[in-house]
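J.: Mind having a look at this structure? Questions to follow.
What follows is calculated from the coordinates using simple rules that are stated; it is not laboratory data. None of these values were measured; they are calculated from a predicted model. Ideal geometry is used to build each Cβ from the backbone, glycine not excepted, and the neighbour counts take in all protein chains shown.
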Amino acid sequence: MTGPFAGGTVEERIDDWRRYLGRRREIRTADVDELEDHLRDEIAALREVGLADDEAFLVAVRRLGDVDTLSREFAREHTERLWKQILVSPRAEPASPARRREAWVAIALAVGAALAVKAPELFGLRLEGPSAATGFYARNFSLFVLPFLAAFFAWKRGLDRGGVLRLALPFVAGAVVVNVLPFGPASHTERLVALHLPIALWFAVGFAYAGGRWRDHDRRMDFVRFSGEWFIYYALIALGGGVLVGFTAFVFHSIGLDVESLLERWVLPCGVVGAAVVAAWLAEAKQGVIENMAPVLTLVFTPLFAVALLAFLATMLWTGNGIGVEREVLIGFDLLLALVLGLLLYAISARDPQAPPGGFDALQLLLVTSALVVDALALWAISARISEFGVSPNKVAALGENLILLGSLGGSAWLYARLLVGRGRFATLERWQTAYLPVIPIWAWGVVVLFPVLFGYR
């Protein structure tokens, strides 16, 4: 039986299954042979009723898992990946009515987000208006798009009434905080709130994405994977949209019409928020396509980021120049380290859990270690600045964020090192990352809710 299979033949899948069982010392070869006979009989029976080879294998393994514990473990660990391979196989079927309905819901929510970002103009608050209006948009920008993104997943996952109420709570709280607190002119805490509220609410979207089961390790890792895929799709849409806007302005200018004002006031803001929902739908509907890109992207950018950080450390050591602690520098370093952490999470989500440790894992450890050193230097500079000149909202926020990144990167470095020397398991590293994730929104909410009060809205 050698029918085609997405990612290999059925025989190759059966070989994978045998190797998985063979790694367990408590099972004998004779037992594996007997189980294989049952598996092949089940596959043959399923093929006779019309299932394709790949589908028959997966269903047969699932059924065998009802009577055999090890086969059940294999099914749990492997079948989700194999189903995704089937979804991107050449014999893909036309979009189903459910898929089309999902697309229309996403489009409707994208239009809703576009209308929401323009609604404040009815009350005289224009995006390109005075500084007060600009501050309003900065604080509320995430509230123009993320509720619609959360609504999409709440509908798709079928959240019950209790789940919807729990999902609505952070959005209502965020709207109250950013619009009721009396921020002062040129307020540092207002800028911090504008930067941290999207982070806090993104994890509310994660609650909807997980169907309310946020405590489930696998669902949190799925959300990490989705976040990376969403970013890729959004970047692609943004690039295409930028080209479209540029050419639109050019062709109208060629006939003597200036449409730049229309593009800036309507197309750009509506496109920015609407594309976020469309990118989420694409990431969800086509996740198998981008998922195949994840190993390539991590393979390309992991060494590049590692080289950049090592070059920075070497230059800093050679010149003796310390890290500045101006607000822009602090934000830049936090973004850099957050990107490294995001790249690490995405690489972990894309890695085959059953693969033995190899050279790429060593490269990941090098990246994480370099980021740890940079983080430690940034912490030293911030602490020295606070000791010399006292606290400020920006310095305290940067200090907290660097400490959070230090904890995540430090734990990852330790677990990667144990994995490489054969004293740890990849599953432990994966679970560490998902278990640490809630620390990020907790800190973000602390900045949003507490910092304005603690620092007098300045």
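J.: If all Cα-Cα distances of the stretch 148-250 are sorted into 10 Å bins from 0 onward, what percent lands in each bin, rounded to whole numbers?
T.: Spelled out bin by bin, the stretch 148-250 gives 13, 32, 29, 22, 4, 0 percent.
J.: Remind me, relative contact order of the stretch 293-424 in percent, using alpha carbon pairs under 8 angstrom and six or more residues apart?
T.: Numbers: 98 pairs, mean separation 46.5, N = 132.
Rounded, it is 35 percent for the stretch 293-424.
J.: Rounded, prolate or oblate: which fits the stretch 155-195, taking a ≥ b ≥ c as square roots of the Cα gyration tensor eigenvalues, rounded meaning a/c under 1.5, else prolate when a/b beats b/c? Working shown, then result.
T.: Working: a/c = 5.88, a/b = 3.06, b/c = 1.92.
Prolate, because a/c is 1.5 or more and a/b exceeds b/c.
J.: Roughly speaking, what is the centre-to-centre gap between the stretch 239-258 and the stretch 120-171 when only Cα atoms are used, to the nearest Å?
T.: 30 Å
J.: Jot down the radius of gyration and Dmax of the stretch 97-287, Cα atoms only, both in angstrom.
T.: Values for the stretch 97-287 (Cα only, Rg and Dmax): 17.9, 58 Å.
J.: Would you mind ranking R100, R18, R191 by Cβ crowding within 10 Å, fewest neighbours first?
T.: Numbers: R100 11, R18 16, R191 19.
With the sparsest Cβ surroundings first, the list reads R100, R18, R191.
J.: Also, I was wondering about something else. If you average 1/r across every pair of different Cα atoms in the stretch 293-424 and take the reciprocal, what Kirkwood value do you get, in Å?
T.: Values: mean 1/r = 0.0638 Å⁻¹.
It works out to 15.7 Å.
J.: So, in nm, how far is label R18 from label H38 when the simple model puts each one 7 Å beyond its Cα toward the Cβ?
T.: Label at R18, label at H38, 1.8 nm between them.
J.: If each of E326 and D216 carries a label point 7 Å out from its Cα toward its Cβ, how far apart are those two points in nm?
T.: Going by the 7 Å Cα→Cβ label model, 4.8 nm.
J.: In which sequence would V421, V205 go, from the one with the fewest C-beta neighbours within 10 Å to the one with the most? Show your work: numbers first, answer last.
T.: On the way: V421 9, V205 29.
By the 10 Å Cβ count, ascending: V421, V205.
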